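The values are calculated or read from the model by the stated rules, or taken from the named source; none is laboratory data. Note that the structure is a prediction, hence the values are computed from the model and not measured. Heads up, the Cβs are rebuilt from the backbone with ideal geometry, glycines too, and the neighbour counts pull from every protein chain shown.
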Amino acid sequence: MSNATTTAPTVMQTRAVRKRTLTGTKRLLEWVSYVLTALIVVVSLFPWLWVFSLGFKTRMEILSPNIVWIFKPSLTNLYEVMIVKGYWKFIVNSLIIAGTTVGLCLLVGVPAAYAFSRFPIPGKRSWFYLILTIRMSPAVVIALPLYILFARFRLLGSYAAPILAHCTFTLPFVIWLMRGFFDDVPREIDAAAMTDGYTRFGAFWHAVLPLVKSGIVAVALFSLIFSWNEFLYGLLLTSDVTRPLSASIPGLIRPHGTLWGEVCAVASTASLPVAVLIFVLQRHLVRGLSFGAVKG
Amino acid sequence: MKSTRFVWSWILPAFLLFLIIGIIPFLVAGSYSFRAYSFTDSTAKGQFIGLNNYRRLVVDPDFYHSFAVTFKYIIPAILGQGILGLGVALLMSSAARRMRLLVPIMLLPTLLTPVVIGLVGLLTLNPDFGVLGIPLFKSGLVKEAMLGSAKWALPAITVVDIWHWYPFVAVILLSGLLSLPKEPYEAAQVDGANAIQTFLRVTMPLLWPYLVVALLIRIIDAFGIFDIIWVMTRGGPGTVTEAISVYAYRNTFRYWNLGYGSAMVMVIYVIMEIAVEILYNALTRRASAEQV
């Protein structure tokens with residue numbers, strides 16, 4: 001009897017205690033995950049922000065053996081390299097190259113993607129391999145054949161050379177991703193538009209394209225980033241007049257006496273648009289990065 | 001008949017562009033690989049020399065060395081990215097929902113210009129003024145300039161590469177985790193599986209296809225690494241960090257030996273294609289076997 005009366009509350013008590021510790025551990029785990037996530041953010045951003053900051057420091061502050069954490073940001077480096085050394089022209093080159101590349105690839109890639117999504121294409125598997133192979137080849141493997149070809153047609157040093165070279169990764173990207181976006185649009189939409197009297201192209205243009213607009217914008221912005229970031233073709237196939245910004249950076253790095261402030265000012269300029277576009281692209285990041293393999 | 005012609009009009013422009021940028025250049029390189037062609041040797045003007053370029057390549061120790069360098073970097077880099085990526089994905093899938101807003105911030109290194117990433121590695125590790133280099137040097141952990149040392153240069157590049165790409169693996173796995181079906185977990189709970197069993201028997205098999213995609217893309221891209229090495233070490237000191245792409249670049253665009261370079265390009269291309277094929281088949285077969 002006495003046993004029963006004493007054990008009953010004990011069981012309830014232990015249950016209560018266990019419940020309390022459970023929420024305690026849960027809360028602790030939540031805190032741990034907050035701290036870890038904060039750590040990830042710091043690890044991701046800190047090294048870049050530090051290099052970014054060098055672009056706004058004086059030479060003395062940069063080379064100091066004790067890191068200068070608090071400094072008065074100066075635009076001297078940016079002014080020197082962009083205006084005095086004329087590096088602003090490389091920004092224009094990057095924009096010309098990236099803009100034309102993306103425009104060209106959308107123009108020829110989007111209709112092709114639509115065809116891959118809607119029609120039975122003869123030799124679809126070979127296409128698949130061709131596109132994947134060109135996309136996956138190391139840049140050097142493509143750079144040499146293109147160099148030989150462009151040398152023969154006297155295209156080296158022109159804008160056309162890096163633009164065509166950048167198509168080797170943008171065109172597969174556009175076709176692959178847009179095909180996925182088109183696949184998401186039900187075929188009934190095309191059929192309905194065509195019973196309304198539209199031709200196949202009219203259905204594509206008036207009915208389907210508006211539905212994949214956000215997809216096209218995402219693909220275009222991604223392609224812009226990839227072209228803007230590209231380095232090897234920009235270095236090899238261009239001249240001092242047509243060189244894009246990314247490829248202009250190594251020229252500033254010398255064995256001795258490199259002006260790191262100016263290098264970092266260029267690097268900051270190169271990375272800022274990308275940092276902005278990441279937030280614009282948020283919803284499409286996973287899909288774009290995984291070449292459409294994962295629909296995020 | 002009309003329908004095939006009609007289909008072609010949609011893909012013809014893309015096909016022509018592929019022809020110019022993909023197919024013709026490879027045919028040209030293929031033909032150059034059987035010729036002696038060099039800008040620095042006036043006797044090598046493009047005459048046919050059969051398989052000589054390939055024969056030379058097979059016995060070129062530097063070529064094998066560059067392969068060894070590439071694998072010495074790829075294996076730890078992919079392992080690091082896989083483990084870190086999986087850990088971060090699991091953390092973010094369990095953490096409070098608003099933490100996922102941080103995904104774009106986490107992805108910044110991945111999408112940044114690779115040259116800038118190389119620069120970040122080069123400068124942060126500088127022993128005189130680098131934000132990581134100074135403490136590493138002062139603490140005595142590293143006794144020489146990392147990127148100038150045979151011991152540290154390649155590990156340093158590998159760490160930078162892991163930092164560059166682990167968020168990519170993480171976000172793909174995260175989107176995989178967030179889209180997993182609920183039923184297998186309920187079944188596992190009914191069966192009384194603990195957290196580790198659930199992870200190994202339920203989460204991993206379901207997540208496997210995502211891991212395959214992420215690591216496959218990483219391995220293939222890592223195979224052609226160039227930008228970061230070029231900015232950080234240019235393949236040095238000596239040839240310690242001379243990965244395949246850097247070696248091919250040096251041969252073709254420093255020594256201007258285009259015939260030999262073409263042979264190298266063709267061999268790299270074939271090896272890569274075989275590797276892609278084997279890897280893809282092996283991984284997808286394993287994925288489907290585990291799902292049964």
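Data overview
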| quantity | calculated |
| --- | --- |
| Options B:42, B:31: the member that is farther than 25 Å from residue B:212 by Cβ and outside any helix (DSSP H, G or I) | B:42 |
| Odd one out for residue A:104 among (1) of a type in the set (A, V, I, L, M); (2) facing another protein chain (nearest Cβ under 7 Å); (3) in contact with a Cys (Cβ under 8 Å, 6 or more places away or on another chain) | (2) |
| Matching option when the condition is touching a Gly at 6+ places or on another chain (Cβ under 6 Å), modelled with pLDDT of 95 or more and surrounded by 19 or more Cβ atoms within 10 Å (Cβ to Cβ), among A:162, A:138 | A:162 |
| Test: residue in segment B:124-140 that is more than 8 Å from every other protein chain (Cβ to nearest Cβ), touching a residue at least 12 places away in the same chain (Cβ under 8 Å), among the aliphatic types (A, V, I, L, M) and crowded, with 21+ Cβ neighbours inside 10 Å | yes |
| Residue in segment A:98-110 that is in a helix (DSSP H, G or I), closer than 25 Å to residue B:271 by Cβ and at pLDDT 90 or above present | no |
| Residues of segment A:20-38 that turn out to be within 11 Å of chain B (Cβ to nearest Cβ) and farther than 15 Å from residue B:104 by Cα, as a count | 9 |
| Residues of segment B:39-52 satisfying the condition of being surrounded by 15 or more Cβ atoms within 10 Å (Cβ to Cβ) and within 15 Å of residue B:255 (Cα to Cα) | B:44 |
| Hits in segment B:11-32 (condition: within 16 Å of residue A:123 (Cα to Cα) and either at the interface with another protein chain (Cβ under 7 Å from one of its Cβ atoms) or surrounded by 22 or more Cβ atoms within 10 Å (Cβ to Cβ) (or both)) | B:11, B:14, B:18 |
| Failed criterion for residue B:107 (all others in (1) facing another protein chain (nearest Cβ under 10 Å); (2) crowded, with 22+ Cβ neighbours inside 10 Å hold) | (2) |
| Top-ranked residue of segment A:40-56 - restricted to ones that are at the interface with another protein chain (Cβ under 10 Å from one of its Cβ atoms) and over 17 Å from residue B:110 (Cβ atoms), ranked as surrounded by the most Cβ atoms within 10 Å (Cβ to Cβ) | A:54 |
| Members of segment A:165-206 found to be surrounded by fewer than 18 Cβ atoms within 10 Å (Cβ to Cβ), within 14 Å of chain B (Cβ to nearest Cβ) and among the hydrophobic types (A, V, I, L, M, F, W, C), listed by number | A:194, A:201, A:205 |
